[in-house]
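Peer 1: First, the structure itself, so that you have it in front of you.
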Amino acid sequence: MIEVRRFGTLGAADHGWLDARHHFSFADYHDPERVNWGQLRVWNDDTIAPRSGFPPHPHRDMEIITYVRKGAITHRDSLGNEGRTEAGDVQVMSAGNGVTHSEYNLEDEPTQIFQIWIIPDERGGEPGWGARPFPKASRNGRFEPLASGIDGDDALPIRAHARVLGATVRAGETVAYETSPDRHLYLVPAIGSVRVGEVQVDARDGAAITGVSRIEVTAIEDAELVLVDAR
């Protein structure tokens, strides 16, 4: 099954400094048909104005993955962690039994991010944070794990049997991904249009996929893809 959630139908909130689109129910946006997709609870498409951002706020019992599409995001938290994550790279915060953090765009240009929340396999535990620059060439024509709780993946760790993957695909080329039919996949092209089977998915649309053991994604134009594979 493939259900496409077009960008124009997503929940929306414009706070001036933040232009947010919500693939799933979040804050003041509630759609009972779009609360989660398996363990995937949140996928926000955020554009943050220069020199602004999210002031300190708390989280617990959630794996929070930030994929930077453009610009950079600067993280600080109550554990003493601080770091700047640039476009194409990923940061992960395991909120565990509680952590307070802030995320600011300290750049002179807008920053665009996907913020992805995955429900952990178990509640509680010590919170943690990590970031990593990923070689961009390694995801050309293939899905590369960026954050994962699955054994054997060379990726930032999360506390869920799930993974976040990235790929870049040139127009006319195809990238494949194998999974299990009981898994929940969610695919979003950060850039470009693709075809999944017979279904076209455009930039910033979401494709909710389940009941399949393999997907093939063909780029209609040069594309940058982010994929979540979760229970």
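Peer 1: Where does the charge balance sit around R204 when Lys and Arg score +1, Asp and Glu -1, over other residues with C-beta under 13 Å from its C-beta?
Peer 2: -1
Peer 1: Would you mind putting 179-185, 78-84 in packing order, based on average other-beta-carbon counts within 10 Å, highest first?
Peer 2: Those peptides, ordered most packed to least, come out 179-185, 78-84.
Peer 1: Then there is this: Over all Cα pairs of the chain, how is the pair count split among 10 Å bins, expressed in % and running from 0 up to the last occupied bin?
Peer 2: 8, 34, 40, 16, 1
Peer 1: For a quick protection proxy, order the peptides 122-131, 50-59, 145-154 by their average other-Cβ count within 10 Å, most packed first.
Peer 2: With the highest mean Cβ count within 10 Å placed first, the list reads 145-154, 122-131, 50-59.
Peer 1: Taking the Cα centre as origin and putting +1 on Lys and Arg beta-carbons and -1 on Asp and Glu beta-carbons, what dipole magnitude results for the chain, to the nearest 20 debye?
Peer 2: Rounded to the nearest 20 debye, it is 100 debye.
None of the figures in this text is laboratory data; all of them are computed from the coordinates on show. What you are looking at is a predicted structure, and each value in this text was computed from that prediction instead of being measured. When we count neighbours, we look across all protein chains shown, and the Cβ atoms used for this are built from the backbone with ideal geometry, even at glycine.
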